[in-house]
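Here the structure is laid out as structure tokens; the discussion comes afterwards.
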Amino acid sequence: MTESMERARVSRRSFLGGVGVTAGGLMVASGPVFWEQAAKADTVTAEQVHLTFGADPAREVVVSWVTPTAVSNPAVVLGTTHGGFGRTIHAETLTYTDSNNGVETLVQHARLEGLQPDTDYVYKIVSGGETQVSSAFRTAPEGRVPFRFTSVGDIACGDTAYSKASLNAMATAAAIESFDPVVHVVNGDLSYANSNQLFQPQVWEEYFDNTQLSSANRPWMPTLGNHENEPGNGPQGYLSYQTRFALPGNGSGEFEGNWYSFQVGSVLFVMLDNNDVCYQIDTGTYVSTGDNQILTGYSGGAQLKWLERTLREASTDCSIDWIVAVMHQPAMSTSDADGSDLGIRQNWMPLFYQYGVDFVLAGHDHDYERSYAVRGTDSGTILRPHVVSTDLTKVDSDKGLVHLVIGTGGTKGHDDVYQTGTAGEPTETINVSGTATETEDAPWSAVTDPNATYPWGLGVFDVDPGRFPGDKTTMTFTYYHTPAATAATPYPAPIEFDSFTATRTRSDGFGFRQRDAK
Ligand SMILES: [Fe+2]
């Protein structure tokens, strides 16, 4: 913990108290027990606090935190807002040792089960009987109810001493919290630890210490990006990620945590690892291995097989109206940075069309882009998607899906330069192998954000479930800019930039096929 970050922590607490940010409808800073933590870093023995959903988000939440050394009886004491604290749930300790600098990280995971849906809980993290942190959360609703979720990737940490870090990461975490989502999904590239190879555990520490102002109050569900690959730390370089997050299982045994799904209300989230299928590769020299690590095809088709089964089952599940796929590298991007990737189009997109996925959320390019509603392909080898509508305000999700690149979480560099042809038409560069690219027209590109004044932001989704079986359900998406954070204004207010409403037919209609494939 650096001096600058300790100052930032104090500032964040002041911010929370000043604007009354809520956690599941509860005041975070004003109550006697919510979000209390010792002011000096050297007195804190529970830090990097973050929540994730279990397999059933309405009834299971995992509280995870890091301790600098082994502690006795790490546990969470759980309570309700009106009934006081009750049962104690002991934590499981997982550890790993960074291959580059030998630093051991101890992560505690307390799995809270048997919870009630859509219910506020308070919790205390304790070690040896001493309270370290107190906060609150709300379980997910179940059934067809309105709810909100948020999405952004490419966050980095807020300590500018590290590569890729910037103060904007702090603004992003605060902005997410200000929207009070049931869950935040992270579109990969979390801490950028592997951009700081001799300090990977330290960068993770700064990342979680920054994001916990939100992730201690509501689940943040992550996906793997290229910057979660730390060569030398496990077979895929994911050992840090896998140790730090306790995520729903995928049944693979060997690749647990790398991909998974969970359902909130009538929305199924499918969280994918695109490092397994994309062609583009990182280049660089790594401390432990001496070379970059190519992960393309590492699961041997296990992830694809899981995805097909998950989507097939969802397609006949009458409790699921919406399917949202979350990933890192984009299938569709006109960014001048990394652009599109054919491997994602070849592996995932046919299944997305076949089983009626509604949204594809990605990051990687540090910009914002929205596609028109698309379905199928109209171009051969590069599998360019076919545009089914150019309506910018209304999307018929029964007919097509929308790609969103939301890689504007706060990392230092931003990529808001988009490719165009000689007549100003959008074009794209597509990665078609490890080193080769092709350039094509991109008529599917609907909205880009070349305004470098506001290079950061986040996506907010509001679900309206409709009123009766077979009714229309809507999902309204709004992309907000997060103005650049400064030391004087670390938490600037978000500004609306782009919005549309998607509509689809509920899957519980009488006598109708449960879900129309696209
Ligand atoms: Fe990335």
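The values are calculated or read from the model by the stated rules, or taken from the named source; none is laboratory data. Note that the coordinates shown come from a computational prediction; the quantities given were computed from them, not determined experimentally. All Cβ positions, glycine included, derive from the backbone under ideal geometry; neighbour counts span all protein chains shown. Areas reflect the complete protein model, heavy atoms only, side chains present, ligands, DNA and RNA absent. Shrake-Rupley method; radii C 1.70, N 1.55, O 1.52, S 1.80 Å.
Of note:
- For segment 147-197, pairs of C-alpha atoms spaced more than 16 angstrom apart make up 42 percent of the total.
- Kirkwood-type radius of segment 55-163, with distances r between different C-alpha atoms, in Å: 16.1 Å
- Its Cα gyration tensor gives segment 177-314 an equivalent ellipsoid, and the semi-axes of that ellipsoid, as √(5λ) in whole Å with the largest first, are 25, 22, 11.
- Full extension of the segment from THR435 to LYS472, taken as 0.36 nm per residue of separation minus the current Cα-Cα distance, would add 8.8 nm.
- Under-18-angstrom lysine pairs by C-alpha in the chain, whenever the two are 8 or more apart or on separate chains: 6
- Whole-Å distance, taken between Cα centres, linking segment 320-350 and segment 97-148: 30 Å
- Diffusion constant of segment 111-163 at 4 °C, which comes from Stokes-Einstein with the Kirkwood Cα-pair radius and 1.567 mPa s, µm²/s: 86 µm²/s
- In this simple spin-label approximation, GLU130 and THR422 carry label points 7 Å from Cα along the Cα→Cβ vector, and these lie 7.2 nm apart.
- Approximating the spin labels as points 7 Å out from Cα along Cα→Cβ, the HIS90-to-GLU104 distance works out to 2.0 nm.
- Remark: segment 473-488, residue by residue, has Karplus-estimated 3J(HN,Hα) of 10, 10, 10, 9, 10, 9, 9, 10, 6, 10, x, 4, 7, 10, 4, 6 Hz, where x stands for each Gly or Pro and the curve is 6.51 cos²θ - 1.76 cosθ + 1.60 at θ = phi - 60°.
- Rounded accessible area of LEU342 (nearest 10 Å², 1.4 Å probe): 10 Å²
- Cα pair distances in segment 134-233, grouped into 10 Å bins until the bin that holds the longest one, percent each: 16, 46, 28, 9, 1
- If the Kirkwood radius is taken over C-alpha pairs of segment 326-443, then at 25 °C and 0.890 mPa s the Stokes-Einstein diffusion coefficient equals 170 µm²/s.
- With a cut-off of 18 Å on the backbone N, the residues of segment 426-448 near the modelled label site 7 Å out from THR296 along Cα-Cβ are 429-440.
- Accessible surface of segment 207-298, 1.4 Å probe, proportion on carbon and sulfur as whole %: 48 percent
- With R₀ set to 22 Å, the beta-carbon distance separating ARG309 from GLN346 gives a calculated FRET efficiency near 0.70.
- Computed from phi, the 3J(HN,Hα) profile of segment 247-256 under the Karplus parametrisation 6.51, -1.76, 1.60 (θ = phi - 60°) reads 10, x, x, 10, x, 7, x, 6, 10, 4 Hz, with x in place of Gly and Pro.
- For the chain, the longest principal axis of the Cα atoms and the long axis of helix 200-215 meet at an angle of about 90 degrees.
- Computed helical MRE - 222 nm, the chain, DSSP H runs ≥ 4 contributing -39500 (n - 2.57), nearest 500: -4500 deg cm²/dmol
- Axis of helix 302-315 versus longest Cα principal axis of the chain: the two differ by about 80°, to the nearest ten degrees.
- Taking every alpha-carbon pair in segment 166-221 and binning the separations at 5 Å intervals from zero gives 4, 19, 29, 25, 14, 6, 2, 0 percent.
- Note that segment 372-434, at 10 °C in a medium of 1.306 mPa s, gets a Stokes-Einstein diffusion coefficient of 111 µm²/s from its Kirkwood radius over C-alpha pairs.
- Tensor-based shape of segment 387-518 (alpha-carbon gyration tensor, a/c under 1.5 rounded, otherwise prolate or oblate): oblate
- Mean separation of Cα contacts under 8 Å (6+ apart) over length of the chain, as relative contact order %: 14 percent
- With the largest listed first and rounded to whole Å, the semi-axes of the equivalent ellipsoid of segment 235-385 from the Cα gyration tensor are 25, 21, 14.
- Along each principal axis, Cα extent of the chain, largest first, Å: 63, 57, 46
- Neighbour-limited loop hits for GluC sites (Glu not before Pro), segment 199-261 (at most 13 other Cβ within 10 Å; DSSP other than H, G, I, E, B): GLU254
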